[in-house]
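Below: one structure, written as structure tokens.
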Amino acid sequence: MKKITVISIVILTLILCVIIPSIKSSHFTNIESGEAINHGWEYRIGDSSKNSKGDFSWLNDGKNSLWKSFTAPGNPPNENSSKFVWERVKLPKSKIDDPSIYFYTYNQSFQFFINGKQIYSFGQFDSNSVKLPGSFWHIIDLPQNYEGKYVYIRLEAVSPSDTGTIINFELGSKSNILLNVIESDIISFSIACLFLLLGIIGILICIINLKYSKLIIYFSLCCISAGGYFISQGNMKQLFFYAPNFWEYARIIFQYSIPITFGLLINEILEHKYSYIYLRAAYFHMLLLLLSLIGDFLNVMPINSTIYIFYFSFALSMAMSIITILRCYTMWNKEIKIFVLGFTILCFSGIYDIVNWNFNPSHSENYVGQWGIFIFLISLCMVVIVRYVRNQSEAAIVAEELKSKEKSLLESKQQVEFFANISHELRTPLNIILNTLQLFDLFIKDGSIKIEGKDTSNYFKIMKQNCYRLVKLVNNLIDINRIDSGYLQPNFENRDIVKVVEDITQSVADYIKSMGISIVFDTNVEEKVISCDMEKIERIILNFLSNAVKFSKEGSSILVDVEDAGDIVNISIKDTGIGIKEEKLKDIFGRFVQVDKSFTRNHEGSGIGLSLVKALVEMHGGTISVKSTLGEGSTFTITLPAIKAEDKKPILEGPESTAIYVEKVNIEFSDIYS
């Protein structure tokens with residue numbers, strides 16, 4: 001369906017490009033009491049000599065055989081490539097009030113003669129300059145008794161190929177001519193003014209908002225280029241500002257600017273996906289314009305001497321754009337599809353104008369390109385509307401998501417508060433029980449309490465260990481919930497990571513050795529200061545050491561190694577325990593995952609320790625990896641970035657006492673039964 005739509009629009013565009021310009025017309029099609037004079041023209045190549053009175057000898061020379069016939073509009077053949085051509089035509093015998101001639105030619109200086117006398121002159125003659133005199137229409141007042149007389153026109157062109165060119169030569173009353181000038185150009189002039197207005201508004205929006213937007217800037221420049229070109233190309237311009245040279249240069253500059261600004265705009269809209277086409281085309285036309293201006297400034301060549309190169313390159317770039325659009329149409333979203341359809345119509349209209357202007361000798365002065373730009377402008381407006389509607393819809397979705405996240409955040413906050421309250425309620429009785437057990441232990445040791453019969457010290461030890469297990473479980477549950485809610489924030493300090501890990505290892509060494517497991521600390525550097533949260537590093541290392549002990553048998557060994565690897569620090573805990581099955585490795589950092597779920601295991605655990613450790617490592621910007629072989633042991637490696645906090649001084653000594661270390665060890669190792 002989409003392909004059929006594209007093909008239908010392309011065919012419709014081609015039909016419009018053929019039908020609209022096929023309606024031939026001169027500038028004026030309804031001149032009251034007048035007529036367009038297209039026949040009876042004669043010409044002579046070269047320039048006339050002067051007689052003894054200083055008058056041109058070719059004036060009023062009657063039926064001289066050197067005068068040859070040609071048909072206007074057009075220009076006579078110039079075999080000698082002369083810059084001068086004389087042309088004449090006999091005026092009709094019809095009587096017109098306020099008689100005038102509407103005359104239009106290209107970049108030529110000319111003189112009008114009737115009854116042997118000069119009645120009008122434009123431009124400079126016998127000049128070596130290649131500057132363009134301008135392409136303007138002229139209203140030339142006729143003297144009385146003009147009926148049936150010959151009008152002689154002496155023309156000198158900048159380029160010999162354009163010598164003698166007549167676009168329009170029409171006889172009518174001056175007032176009617178002026179009215180028809182306005183009527184014939186009012187639509188084109190209005191569209192051009194609309195382009196200029198949009199371009200100026202876009203520039204002002206960027207200036208007022210102090211916000212630079214390439215899309216708005218390129219669109220504004222594109223509108224200004226198109227509007228400026230059609231105003232300078234039209235007829236009404238000289239009613240407001242009579243400056244032939246200015247308008248001629250403006251026409252060429254705006255014309256060359258159109259593919260430059262369009263290329264930049266399209267490249268921005270298509271998000272630089274086809275820069276190799278659009279940007280190169282824009283840069284090429286920019287270079288062409290620059291060379292044309294330099295050549296004209298140095299009086300080497302007129303500014304329009306590269307016009308045929310421009311036509312060819314412009315048509316080629318538009319054809320390439322059409323091919324790209326048709327090939328990629330189905331890949332784009334709705335806005336870009338609307339845009340490219342309008343742009344395709346613009347490209348076809350531009351190609352038609354170029355072909356019609358250069359290869360159709362009887363072409364009219366009506367351009368399809370202005371309608372192509374108008375349709376393209378409408379498509380851009382539709383893109384803006386569709387994008388606005390889509391943005392409104394997306395804004396509503398984002399608002400709903402924010403509302404949902406706000407609700408989720410509120411729920412998370414409530415969960416944190418709930419767990420905080422629960423932890424307080426749990427810790428209070430746990431602390432009472434622990435303190436009571438410690439008090440009983442002191443009373444038994446000093447003999448204040450005597451227990452006869454069985455030794456009850458082991459029971460007291462079991463109760464204390466299970467209290468520590470509950471404390472560990474509560475701490476882990478609260479911390480994992482605080483991490484999920486974003487409430488647990490690290491307190492980074494510059495610490496000697498080697499000393500931190502070594503102190504933690506030494507604090508548990510006696511306990512581990514008492515279980516028949518050897519432990520060794522090793523490092524390749526004596527000191528390495530990095531930014532870290534010491535309390536969280538302690539929890540990480542103690543958790544891994546606890547796991548190493550859990551899954552190691554008597555006679556096993558544990559190696560703790562700190563490696564300075566430049567930008568990173570690797571901390572590895574290697575054991576020679578029972579190892580982990582390969583299929584379990586990918587899940588061990590998941591929440592509530594237990595490697596050994598058997599009822600005969602000699603340790604306990606909630607399955608959230610490694611999940612919590614992973615989150616704490618990631619807080620430091622680090623990673624965790626594990627290697628394990630069943631029956632041979634496991635190696636957990638923590639990789640931390642070796643960066644320092646610039647605003648903090650290094651803290652090299654550990655501030656905590658041995659008693660605090662012992663308390664932490666008791667909590668972390670509470671789920672191991674000896």
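The values are calculated or read from the model by the stated rules, or taken from the named source; none is laboratory data. Worth saying up front: this structure is predicted, and the values here are computed from it rather than measured. Note: ideal-geometry Cβ built from the backbone for every residue, glycine included; neighbour counts use all protein chains shown. These accessible areas exclude ligands, DNA and RNA; they are computed on the full protein's heavy atoms, side chains included. Shrake-Rupley method; radii C 1.70, N 1.55, O 1.52, S 1.80 Å.
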Going by average Cβ density within 10 Å per residue, which order do the peptides 466-476, 623-633, 544-554 take, highest to lowest? 544-554, 466-476, 623-633
N435 versus W67, label points 7 Å from Cα toward the beta carbon: distance in nm? 13.0 nm
The percentage of the accessible area of region 92-160 (probe 1.4 Å, all protein chains present) made up of carbon and sulfur atoms, to the nearest whole number, is 46 percent
How big is the Rg/Rh ratio for region 517-568, C-alpha atoms only, Rh by Kirkwood, two decimals? 1.03
Using a Förster distance of 56 angstrom, determine the FRET efficiency expected from the C-beta separation of E401 and S518, and round it to 0.05. 0.55
Using 1/(1 + (r/R0)^6) with R0 = 60 angstrom and r between the beta carbons of S625 and F443, what's the FRET efficiency to the nearest 0.05? 0.75
Could I have the simple spin-label model distance between D567 and H272, label points 7 Å from Cα toward Cβ, reported in nm to one decimal? 2.4 nm
Applying 1/(1 + (r/R0)^6) with R0 = 45 Å to the Cβ-Cβ distance of E582 and Q489, what FRET efficiency is obtained, to the nearest 0.05? 0.80
Considering the options N391, F443, I375, tell which one lies farthest towards the positive end of the dipole of region 374-446, charges being +1 on Lys and Arg and -1 on Asp and Glu at the Cβ, about the Cα centre. I375
Taking 0.36 nm per intervening residue step and subtracting the Cα-Cα distance, what contour gain separates D55 from E411 on full extension? 117.8 nm
Just order 118-124, 222-228 by mean Cβ neighbour count inside 10 Å, highest at the front, would you? 222-228, 118-124
Figure the gain on full extension for S82 and Y308 (residue separation times 0.36 nm, minus the Cα-Cα span) and round it to one decimal in nm. 79.2 nm
In whole percent, and with a 1.4 Å probe on the protein chains, what portion of the accessible area of region 181-313 is carbon and sulfur? 75 percent
When ligands, DNA and RNA are left out and all protein chains stay put, how many square angstrom of accessible area per residue does region 67-131 have with a 1.4 Å probe? 48 Å²
Which value, in Å² rounded to 10, gives the accessible area of R427 with a 1.4 Å probe and all protein chains present? 90 Å²
Among the listed pairs K407/K627; K528/K581; K536/K584, give every one whose C-alpha distance is greater than 29 Å. K407/K627; K528/K581
So, for region 470-576, what is the accessible surface per residue at a probe of 1.4 Å, expressed in square angstrom? 40 Å²
On the accessible surface of region 486-586, probed at 1.4 Å, how many percent belong to carbon and sulfur atoms? 46 percent
Check the straight Cα-Cα distances from K403 and name the lysines below 18 Å, setting aside those fewer than 8 residues away within the same chain. K413
Compute, for W371, the solvent-accessible surface of its heavy atoms (probe 1.4 Å) with the complete set of protein chains present, and express it in square angstrom to the nearest 10. 100 Å²
In order over region 65-77: 3J(HN,Hα) from phi, Karplus 6.51/-1.76/1.60, θ = phi - 60°, whole Hz, x for each Gly or Pro, gives 6, 6, 7, 10, 8, 7, 10, 9, x, x, 9, x, x
Peptides 80-90, 159-169 ordered by average Cβ neighbours within 10 Å, highest first: 159-169, 80-90
